[in-house]
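Accompanying notes for the structure given below.
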Amino acid sequence: MTTSMIQPAVDSPRISRFLQAVHEGEADAVERLQSDLRESAGPLQEEMEDESVIVTFVYIGPGDQVNLYCQLVVDPGQMNKAMTRADGTDVWYLSHRVTDRKLSVGYRFLVDDPMVSLSMDDAMVLMQQPDKMTALMDESARCSRDDAFNPDRFDIGMDQYLDPAKPHVTVWTSVLSLPDVDPVTWHGPARLEGATLHTHTFRSEAFDNERTITVYTPPVPLPEGCDHPVVFLIDGEMMLAEGYDHILTNLIAAGEIPPLVGVFVHNVFADSRMLEMSCRQEFVTMYADELMPWLRAEYGVTADPARTVVSGSSYGGLSSAWLAYNRSDVFGRVLSMSGSHWWGKRTAYGADSGPYDFGRDDETEWLTRQFATAPLLPVRFWIDAGTLENDPGVDGLSLLSSNRNLRTVLQAKGYEVRYHEFSGGHDTAGWRRTFPLGLRYLLAGGHDG
């Protein structure tokens, strides 16, 4: 499934009836539409004879312009798409025909958002001006709305972008799930009570800074001794907001993975991940030589790299592979979700004009090229990416293609690799489904079930 299999915007039969009712002055037209939205628990889904589904996103509320933030519908290089307002109402809608009935993807509505005119490239270039970007992100967060009719949503963890002088807001992303999505899930509320989150302030001499570390201990007793499996969750504040601690609990409660220690490593500030996770030696030093010894002393985590998992999404996936590349004696299992393995071209996105670099030389996929020429390491990989992540990026390379390329290189070198393409995009709607599969593969004898 690729975005080429998703057809251009189409007319929804249900919306056509609604527009006709509005045109004819039927007073209860909006009320009837709301009733249908409540029944569908989110976007309207109309199944067609060819088994495709017309999905219609609907936002009801005032605004001069409402856009849909969803990787399903955007044009190449864009981050959102304008919705259409029904004349004389506060109803905004956008319809798409979808052929992948297993799709699960995040979406939210942007109401009078100042960032909607920015392309993906524009946003990446703007990141070279951190203060301006953070201010815009704060304003954008306050323009974001989840789907009032859809109970399935997650907090995307944008607190570090918010101005603390202004009222706090939670930025929710709603989830669209098509009829044939896998009904087996491990996210949602914890199915067993008793897990504990321990919050610490951790100082890194390598980076000369301090950050929050949240350590998860399971709801069942850990075995006696100092040999507990450990899973690192990079971008810890985001993964906590998105409920990954509950995923750990639910997998442990069901016996899918052994009782373990989870380590949520937070970012220092909003964009510090862009600085720290870009294949830097300080990152390796902090994890291997500062954080691991402390965890072994305080929580009795294992020294066995085969039971030490580093995990993350996007830049977190890239940096997980980077840790294993440098210190396979410590980190023997990599769980990379939609990893930014395109990274490598130093001058991409105006990198010469700001604090962030996007590579080491003049080519993309720098870390993949290092694995290609280095000796085989004792590391097992889980690599996944979404079918919607095929928008051309630096030098025309998509994130999906870069993950396929990493898979191919690692397999050719002789690594144990499980590669998975999920029906979705660059968001937690997909990752909350693949993270459990990856953990089971990496920790439960090489089987992902």
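The values are calculated or read from the model by the stated rules, or taken from the named source; none is laboratory data. Please read all numbers here as calculations on a predicted model, not as lab measurements. Please note: Cβ atoms are built from the backbone with ideal geometry, for glycine as well, and neighbour counts cover all protein chains shown.
Quick look at the values:
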item	result
Number of positions in segment 81-93 that are of a type outside the set (A, V, I, L, M, F, W, C) and assigned to a loop (DSSP other than H, G, I, E, B)	4
Exclusive hit being surrounded by fewer than 18 Cβ atoms within 10 Å (Cβ to Cβ) and either aliphatic (A, V, I, L, M) or not in a loop (DSSP other than H, G, I, E, B) (or both), set 193, 237, 210, 224	210
Tally of residues being in contact with a strand residue (DSSP E or B) (Cβ under 7 Å, 6 or more places away or on another chain) and either among the small types (Gly, Ala, Ser) or at pLDDT below 95 (or both) across segment 290-305	1
Residue list for segment 103-129, restricted to those being more than 30 Å from residue 31 (Cα to Cα) and charged (D, E, K, R)	121, 122
In segment 112-162, the residues that are more than 29 Å from residue 433 (Cα to Cα), aliphatic (A, V, I, L, M), touching a residue at least 24 places away in the same chain (Cβ under 8 Å) and not in a loop (DSSP other than H, G, I, E, B)	125, 133, 135
Segment 391-449: number of residues that are of a type in the set (Val, Ile, Thr), buried (at least 16 other Cβ atoms within 10 Å of the Cβ) and farther than 22 Å from residue 246 by Cα	3
Checking residue 350 against (1) in a loop (DSSP other than H, G, I, E, B); (2) at positive phi, the condition it does not meet	(1)
Unique match (being part of a loop (DSSP other than H, G, I, E, B), among the β-branched types (Val, Ile, Thr) and at pLDDT 95 or above) among 181, 175	181
Residue match in segment 419-426 (condition: in a helix (DSSP H, G or I), over 24 Å from residue 346 (Cβ atoms), modelled with pLDDT of 95 or more and not assigned by TED's automatic domain parsing to the domain that holds residue 107)	no
Pick from segment 243-272, criterion out of contact with any strand residue (DSSP E or B) (no Cβ under 9 Å at 6 or more places or on another chain) and among the β-branched types (Val, Ile, Thr), ranking: nearest to residue 136 (Cα to Cα)	247
Count of residues meeting criterion [assigned to a loop (DSSP other than H, G, I, E, B), under 25 Å from the mean Cα position of the chain (by Cα), at negative phi and not aromatic (Phe, Trp, Tyr)] in segment 268-305	6
Pick from segment 121-141, criterion surrounded by fewer than 16 Cβ atoms within 10 Å (Cβ to Cβ) and of a type outside the set (Asp, Glu), ranking: farthest from residue 45 (Cα to Cα)	129
Check on residue 31, without any contact (Cβ under 8 Å) to a residue 40 or more places away in the chain and within 31 Å of the chain's Cα centre (by Cα)	no
Hits in segment 94-111 (condition: among the basic types (Lys, Arg) and assigned to a strand (DSSP E or B))	97, 108
Residue match in segment 342-353 (condition: under 26 Å from residue 432 (Cα atoms), in contact with a Gly (Cβ under 7 Å, 6 or more places away or on another chain) and either free of Cβ contacts under 8 Å to residues at least 40 places away in the same chain or surrounded by 24 or more Cβ atoms within 10 Å (Cβ to Cβ) (or both))	yes
Strands (runs of 3 or more DSSP E) (entirely within segment 25-80) containing at least 3 residues that are surrounded by 13 or more Cβ atoms within 10 Å (Cβ to Cβ) and in contact with a helix residue (DSSP H, G or I) (Cβ under 9 Å, 6 or more places away or on another chain)	53-60
Qualifying residue in segment 306-325 (condition: surrounded by fewer than 18 Cβ atoms within 10 Å (Cβ to Cβ) and either assigned to a strand (DSSP E or B) or more than 24 Å from the chain's Cα centre (by Cα) (or both))	yes
